[in-house]
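Please read the structure below before turning to the comments.
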Amino acid sequence: MDGTAFEFFSIASGFLGGLFVDPFIAFVDRPDKLIQIVSQGLSAGIMYSLVALGFVVIFKASGVFNFAQGIMVVFAGLTVVSLIEIGVPAIFAILLAIVVMGAMAVAIERVVLRPLVNQPGIILFMATIGLAFFLEGFGQTIFGADPKPVPIDALGIPDDKFRVLGDFFRKPVRIYQLDLTALIAGGLMVAAIILFLNRTKIGRALRAVADDNQAALSVGIPLPFIWVVVWTLSGLVAIFAGVMWGAQSQAGFSLAVIALKALPVLILGGFTSVPGAILGGIIIGVTEKLAEFYWRGVLGDGVEQWIGYVIALIILLFRPQGLFGEKIIERV
Amino acid sequence: MTVKRFTLAAAVAAVAGTTALGGFLTTAHAEDGIYVPLLTYRTGAFADSGTPIANGMSDYFALLNKRDGGINGVKLVVEECETGYKTDVGVECYERTKTKGAVVYNPYSTGITNAIIPKTNGDKIPVLSMGYGLTPAADGNVFPWVFNLPTTYWSQASVFVKYVGDQEGGLDKLKGKTIGLIHLDHPYGKEPIPTLEALAETHGFDFVTYPVPPKTMQDQRSTWEKIDSDEPDWLFMWGWGAMNPTAVKGAVDVDFPMDRFIGVWWSGNESDVRDAGKKATGYLAGDFHGVGDGWPVFDALREHVIGKDGSQTPESMVGETLYNRGLFNAVVVGEAIRTAMGKYGDRPITGEEMRWGLENIVLDKARLDALGLAGFTNPINVTCADHEGSHPVYLKKWDGDKWEKSTDWIEPMKDVVRPLIEEEAAKIAAERGLATNACSS
């Protein structure tokens, strides 16, 4: 074997070892770390799910892919934080934020959506891109550009951590109360949305509009009202997501970029499935964190930046509608 | 389209356009006085760091104009160009303002600084990158138009290692220890790596890096798990903007010992630690100027500028680290202009004259006293060859509520840093075909 071949062999074996052997040794060596990483992945996944849920609610009921969802999350979070900052009690700040998001939904329906009824989906998508720019500029005018700390004490969000399984492992596993709060409250919110969509008259109307808005109009379902309802619902999800995302670092406009990480979640879970958004978020979140921790040595720093999109691309190849999305069959 | 809808569309377009297009400028020119463009970022992900700096700079220039009628009777014409901390927008700001008679640029971004440095030889306008930018630019023989006083990233990195050595019982005790660097994955964040690698080799410690991508700097959990797993003995941070408070929280989350966590002077603002509050007690950061408002210059600012027309500074920001840094930057610009006027006369100066002013600036104890800034910084004495000018750094400690000075001024390892600067500057000169004898020509 000459020098070049030997070099190639050693690089290849190092790469394959780093891909298929080393991570699994690390799993066994530090099971506490594995549990820690998986729990962090779950936490990140829940956050992605919350943003993805906002997309799904609007897409499911109106067929609009809302590019402005990320900035809506920021806007909603900053509304709550800013109101608390000026002395409004937390509960009223949240109620007022709901009113603000509702008013925004009415404004969007009147100014952006109503003039575009029956236009192709791509036109509505472009309109939401414009909306994202507007909300970013308008938001910075109102709230200022500085990120704001989320007053978690005022909101009653616990910020400590539990240390568990310390007797079994080298180091205890840390469970963050913030993550648990997101998990429990997020779960309740998802359950409420599923119930609303499936068990209420308005929910059924939403689904009818999603299937065929012309047919829905012909049976008396008021399209403008339905759009206001879904955008308000998405605004509610945005309030929750904005506060919980912000609580992890700060509520600021750079969070809008993180929100775009919900895209692979949507591709994986399907654009129309609420459970898909949840499961997709968890799969992407856990995979990202595991890859970043155990495979960064061979795949490079920042694996978590792109691994979700790779998973989404693979899913697109085999199941374009996502794991839970509705199969689209169109007559030609 | 109805008139109503047209009006609404125009309003929406105007607001969206204001956001999308950086660099809004009014018309101002050197014939109105001395033109000082400020490349600032009051918007975007780094606005929480950029805003206090912009306020500190513009408030001090406003003070000079309002209290003194400018410098030696010549008004300062200050104009901000919003970069959003984006290199391409910053370069656009530079190009749009340089023909108006700009005397100096303060980019406040290593990316923008590095992008405009190649233009300075032709444009003959100095760049003052105070405590940031390209470290080898401290070699004035190769970079006659770039000034990075009062000290550089490499000097600071060596100060950190010196401090760690001192805490461990001597630099020889660093052998076998591990020092980590969590940094923004950006030209700025990578700046100290060559020095730390060189020092790792010299002193036998392991050096590990933890890059944080700018786009997801508010989601650092994986990075902190890695740090928790590696258990470095000491951790340095080169962060900026929202990366800083997220990192401090990350350290708290994984129970990293805060008194072994040292941030660059850009990771030592109050907003970086305020969220973590008491939990961040013990966190250290480098600095090269005072924090707080206990100097007479702040009384003058309150009397003439703050709370008056034109100032965007809330009272709570006065005396904070980055506000003071912006103010200090403006003091250096003002004193360089004053120095240049001493030679060229009391009139609007040119970029070339400003370079002479920066090279001959003397900010000694007496001058700092006269400016109402006694003890605010270590005296600065720039030379043609040494654009770093001062060098020492001190460390401050977060006590859970405010910063407290934790060490005296610490001299960097000049015997290591200066040869590295000259070596790297010579390498860049060879690559770009730059002269290496600006001070002897």
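The values are calculated or read from the model by the stated rules, or taken from the named source; none is laboratory data. These figures come from a predicted structure and were not determined experimentally. Don't worry about glycine lacking a Cβ; one is built from the backbone with ideal geometry, like all the others, and counts go over all protein chains shown.
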Residues in segment A:182-191: is at least one surrounded by 19 or more Cβ atoms within 10 Å (Cβ to Cβ), out of contact with any Phe, Trp or Tyr (no Cβ under 8 Å at 6 or more places or on another chain) and either without any contact (Cβ under 8 Å) to a residue 60 or more places away in the chain or part of a helix (DSSP H, G or I) (or both)?
yes
Picked from segment B:66-81 (must be touching a residue at least 40 places away in the same chain (Cβ under 8 Å) and under 13 Å from B:HIS304 (Cα atoms)), the residue surrounded by the most Cβ atoms within 10 Å (Cβ to Cβ) is B:LYS66
Kindly list, by first and then second residue, each pair from a residue in segment B:22-45 that is over 20 Å from B:ALA336 (Cα atoms) and outside any loop (DSSP other than H, G, I, E, B) to a residue that is among the aromatic types (Phe, Trp, Tyr) and at pLDDT 55 or above, limited to pairs with Cβ atoms under 8 Å and residues at least 6 apart or on different chains.
B:THR40/B:TYR108
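Could you list all residues from segment B:308-327 that are over 30 Å from B:VAL164 (Cβ atoms) and either aromatic (Phe, Trp, Tyr) or outside any loop (DSSP other than H, G, I, E, B) (or both)?
From segment B:308-327, those over 30 Å from B:VAL164 (Cβ atoms) are B:308-318, B:327; that's our starting set.
Across segment B:308-327, the qualifying residues are B:GLU315, B:SER316, B:MET317, B:LEU327.
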Looking only at residues that are of a type in the set (Val, Ile, Thr) and within 8 Å of chain A (Cβ to nearest Cβ) in segment B:224-262, which one is nearest to A:ASP301 (Cα to Cα)?
B:THR246
Say we look at segment B:391-409 and pick out the residues that are in a loop (DSSP other than H, G, I, E, B) and of a type outside the set (Gly, Ala, Ser); which of these is nearest to B:GLU320 (Cα to Cα)?
B:LYS402
Segments classed as helices (runs of 4 or more DSSP H), wholly inside segment B:232-307, with at least 1 members that are over 20 Å from the mean Cα position of the chain (by Cα):
B:243-253, B:296-304
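Can you name the helices (runs of 4 or more DSSP H) wholly within segment A:17-127 that have at least 3 residues being within 24 Å of the chain's Cα centre (by Cα), in contact (Cβ under 8 Å) with a residue 40 or more places away in the chain and within 22 Å of A:LEU233 (Cα to Cα)?
Details: elements: A:22-29, A:31-62, A:69-85, A:90-108.
The helices (runs of 4 or more DSSP H) meeting that bar are A:31-62, A:69-85, A:90-108.
Of the residues B:ASP230, B:ASP259, which is in the same structural domain as B:VAL161 (by TED's automatic domain parsing), at pLDDT below 95 and among the charged types (D, E, K, R)?
One residue alone meets the criteria, B:ASP230.
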By residue number, the members of segment B:186-222 that are within 14 Å of B:ALA242 (Cβ to Cβ) and not in a strand (DSSP E or B) are B:HIS186, B:GLY189, B:PRO213, B:PRO214, B:LYS215, B:THR216, B:MET217, B:GLN218, B:ASP219, B:GLN220
Note down all Cβ pairs under 7 Å where the first residue falls in segment A:133-150 and is within 7 Å of another protein chain (Cβ to nearest Cβ) and within 22 Å of B:GLU270 (Cα to Cα), the second is of a type in the set (Asp, Glu) and surrounded by 21 or more Cβ atoms within 10 Å (Cβ to Cβ), and they're at least six residues apart or on different chains.
A:ASP146/B:ASP48; A:PRO147/B:ASP48; A:PRO149/B:ASP275
Can you find, within segment B:263-278, the residue that is nearest to the other protein chains (Cβ to nearest Cβ) among those that are free of Cβ contacts under 8 Å to residues at least 60 places away in the same chain and acidic (Asp, Glu)?
B:ASP275
